[in-house]
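Only one structure is covered here, and it is reproduced in the block below.
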Amino acid sequence: MTGIFYGSTTGNTEAAAQEIASALGVSSDQVYNVGEVGADTVAQFDTLILGSSTWGCGDLQDDWYDFLDQLKAQDLSGKRIALFGCGDSDGYADTFCGALAQIYDALADSGATFVGQVDAAGIAATDTEACRDGKFVGLPIDDADPEGNAARMAAWVESVKA
Ligand SMILES: Cc1cc2nc3c(=O)[nH]c(=O)nc-3n(C[C@H](O)[C@H](O)[C@H](O)COP(=O)(O)O)c2cc1C
């Protein structure tokens, strides 16, 4: 079973979470705002799709700080985790979608397996923490590239389903 957990300040990552849910056939009951639930909610799911927009300079969306602290204390071993989040390659190339890297690094030793890495080809900003060895650690959704986003999201959804 899949749960989708997002943090979103202006609604972009929330909208993406809903789009991903509908593309994956995940019920809207299983889409959670991290500002409104405890991290123990993840216990019932074997696949976690975690979304954060990026603020400051490559920082987490505000609601993620407490949630990520709590999440680190959960037993995530054996779970699959896929990351996504909105950012802006135009205004913030150096820290583009840095929140994905923050979550990835925080959960690297959790025993979970990360899925849904995205090839950097065609993405405008790759000199950012979220991009490692030619791949983004999750799905970057770029304010500056609406067309590219649609194609990348469709491919990413398929890779997460697989
Ligand atoms: C003050 C400020 C700082 C931002 N910092 C970053 C950043 O470091 N990296 C990035 O990719 N986007 C950055 N953004 C862009 C937002 O992440 C982007 O607009 C995103 O779509 C917001 O998603 P949300 O509505 O889900 O919060 C920043 C935006 C603002 C206004």
In the stretch 141-162, anything assigned to a loop (DSSP other than H, G, I, E, B) and farther than 14 Å from N12 by Cα is listed as A162
Looking for something of a type outside the set (F, W, Y) and in contact (Cβ under 8 Å) with a residue 60 or more places away in the chain - is there at least one such residue anywhere in the stretch 88-109? no
In the stretch 116-140, which residues are within 14 Å of A101 (Cα to Cα) and not in a loop (DSSP other than H, G, I, E, B)? V118, C131, R132, K135, F136, L139, P140
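Would a scan of the stretch 110-125 turn up a residue that is among the charged types (D, E, K, R) and out of contact with any strand residue (DSSP E or B) (no Cβ under 9 Å at 6 or more places or on another chain)?
no
Would the stretch 109-116 turn up any residue that is modelled with pLDDT of 95 or more and within 14 Å of the ligand (Cβ to nearest atom)?
No, the stretch 109-116 contains no residue that is modelled with pLDDT of 95 or more and within 14 Å of the ligand (Cβ to nearest atom).
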How do the pairs read when you match residues in the stretch 133-146 that are under 18 Å from E19 (Cβ atoms) with residues anywhere that are within 13 Å of the ligand (Cβ to nearest atom) and aromatic (F, W, Y), using Cβ under 7 Å and keeping only pairs 6 or more apart or on different chains? G138/F84; L139/F84; P140/F96; I141/F84
State whether the residues of the stretch 54-75 include one that is surrounded by 15 or more Cβ atoms within 10 Å (Cβ to Cβ), in contact (Cβ under 8 Å) with a residue 60 or more places away in the chain and aliphatic (A, V, I, L, M). no
Kindly check whether there is at least one residue in the stretch 95-104 that is within 15 Å of the ligand (Cβ to nearest atom), in a loop (DSSP other than H, G, I, E, B) and within 14 Å of the chain's Cα centre (by Cα). yes
Whether any residue in the stretch 138-147 is in contact with a helix residue (DSSP H, G or I) (Cβ under 9 Å, 6 or more places away or on another chain), more than 23 Å from R80 (Cα to Cα) and away from the ligand (no atom under 11 Å from the Cβ) is what I want to check. yes
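The values are calculated or read from the model by the stated rules, or taken from the named source; none is laboratory data. On a predicted model such as this, the values are computed, not experimentally measured, just so you know. Glycine gets a Cβ as well: all are built from the backbone with ideal geometry, and neighbour counts include every protein chain shown.
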